[in-house]
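All remarks here apply to the structure that follows.
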Amino acid sequence: MNLGINNRKNLDSNAGNRISVSQRRSNIEIIADMLRVGENGAGKTEIMYSANMSYHQIQKYLDYLVNQKFVNKVNLDNTLVAYQVTDSGLKLLKAIDTLMEMLGNKTNDNII
């Protein structure tokens, strides 16, 4: 068994034909899922569950999205924090959706 793109497991029946065993999402698909949840503002837990992510993943991706200004961290009070997608984040989401549609990759089909 070989590891393909994004460490996906692939079976080698012969050198040119590989069949995907797992259906893991790409980083771009995870980011798009997070941006969809945060379009109207959402807490970390809501994003985590809606985007089907672990706590470690949500920390890593939220840090990236906030640092890149795709998402704003909004303090609602002393203990409550929400994340709101910025205009730049909405443009990114639209671009990802357009690209995925053009590639016909909405179902995670493997090309390799």
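Each value in this text was obtained by applying a stated rule to the coordinates, not by laboratory testing. Everything numeric here is computed off the predicted structure, so don't read it as measured data. Counting neighbours? That spans all protein chains shown, and the Cβs are built from the backbone with ideal geometry, glycine included.
A few points about this structure:
- Gained length - LEU90 relative to HIS56, 0.36 nm times residue gap less alpha-carbon distance: 9.8 nm
- Building the convex hull from the alpha-carbon atoms of the stretch 25-103 and averaging its projection over directions returns 5.0 nm².
- Karplus (6.51, -1.76, 1.60) ³J(HN,Hα), θ = phi - 60°, over the stretch 54-64, in Hz, Gly and Pro reported as x: 7, 5, 4, 4, 4, 4, 4, 6, 5, 4, 4
- Straightening the chain between LEU103 and LYS69 buys 9.6 nm, computed as 0.36 nm per residue apart minus the Cα-Cα spacing.
- Estimated distance in nm for a label pair at ASN27 and ASN78, the labels positioned 7 Å out from Cα along Cα-to-Cβ: 3.9 nm
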